[in-house]
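Take a look at the structure below.
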Amino acid sequence: MSFFCRGPESGPAARMRRKTLVFGVLAVCAGLLEAPLAFAQTVIKLGTIAPEASIWHDALLELRARWRELSDGEVELRVYPGGVLGGEEEMIRKMQRRGLDALAVSGAGLPQIDGIVECLQLPLFFDTYEELNTIRDAIASELEQSFERKGYKILSWAEAGWVHFFAKSPVRTPDDLRQLRLWIAAGAPESERMSKELGFRTVPLPVTDMLTGLQTGLIEVIDVPPLFALLDRTYQAAPYMTELRFAPLIAATVIAMPAWERIDMQYRDRFLQAARDAVDTMREALHAAETAAIDEMVARGLTVVELDRQALGDWRSEAARVYPQLGCAREHPELFERIMRLRGAAAARD
């Protein structure tokens, strides 16, 4: 206080003290201006409908921790699970408007970004995860380049499980299904086209309205992976599961290119590897959880509708009949032919 109460000083020593004070104040001000830059953080907001504490959510939390570690805290991945930011269709619109940076999204939503992914979701095309992974790995570069041309980067590929039919009454044949109102995801024109070609009666609804639709009778059958049916408790309203792996439900973690480019280039390759490692860690647990989910639902009253060889053959024949009308064959004929050759080669090896 006494310093500021004294009158002005004179002489060389006083002038030196004043200069020192001025330079000190300037240095402090400069430090204050630079401090926010030193502690600046790149925030990536990621949405998903995966429930909190699910296997998928755990993988995203692992990825968040890994990115934080790799960047020394410079990059923060904020994960919003359980559809708190809306359904997949709504979150995709947010990402397109740059209100959201990234998504962990299922194969129901991915085609709204790029329909080329439907080539991995052809009905009754794959029998095992091994077949799916082999073919996906073979064409991944082409798929990812297509997404990048549309302004999105694929961080990792995953699976959400095998789609099964869960219905209010037993479904053994395609004709059984044609008698029921089938849920399809809202904003999924390819699913609607396929269902129409197969003669199914469809009702488009957001995933978040699926359970209500079953409870009110608006829909009578859904096609979802068993783990989803267990977590969402939709199996309680649709207690008959057809023992038919109708199609794999693809999933991916996708980031908009403007958000990806906000991340310092020195981190990008390691971030990509971390995203793929997180999925690899999750994959085995997911496959085990899928089987466990069916067992748990059966213990709680689910009936598994078994198919004989004739019924399975009917389903396969119906599915193969519509392949030429689907988007993969119509819009990506060369890729479709390549996938057919890859599957044929895999079958020959077996």
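Can you compute the charge dipole magnitude of the range 270-309 about its Cα centre, using +1 on each Lys and Arg Cβ and -1 on each Asp and Glu Cβ, nothing else charged? Give it in debye, rounded to the nearest 20.
Values: 5 positive and 8 negative charges, 47 e Å.
Roughly 220 debye for the range 270-309.
Considering the dipole of the range 40-349 built from charges on the beta carbon (Lys and Arg +1, Asp and Glu -1) around the Cα centre, which of ALA158, THR134, PHE200 is farthest to its positive end?
With unit charges placed on the Cβ atoms, the residue in question is PHE200.
Using Cα extents along the principal axes in Å as the read-out, say which of (i) 60, 55, 38; (ii) 70, 45, 35; (iii) 108, 44, 32 was calculated from these coordinates.
Entry (iii).
For the range 133-189, give the magnitude of the charge dipole about the Cα centre (Cβ charges: +1 Lys/Arg, -1 Asp/Glu; no others), in debye to the nearest 20.
Values: 8 positive and 7 negative charges, 62 e Å.
Magnitude of the dipole: close to 300 debye.
If you rank PHE166, PHE200 by fewest surrounding Cβ atoms within 10 Å, what's the result? Show your work: numbers first, answer last.
On the way: PHE166 26, PHE200 20.
Least to most surrounded, the residues fall as PHE200, PHE166.
Can you give the helix-only mean residue ellipticity at 222 nm for the chain, where every DSSP H stretch with n ≥ 4 adds -39500 (n - 2.57) and the sum goes over all residues, rounded to the nearest 500 deg cm²/dmol?
Working: 14 runs with 182 residues, N = 350.
Value at 222 nm, helices only: -16500 deg cm²/dmol.
Readers should treat all values here as calculations from the given coordinates under stated rules, not as data from a laboratory. Bear in mind the structure is a predicted one, so any value in this text is a computation, not a measurement. All Cβ positions, even for glycine, are placed from backbone atoms using ideal geometry, and neighbour counts span all protein chains on display.
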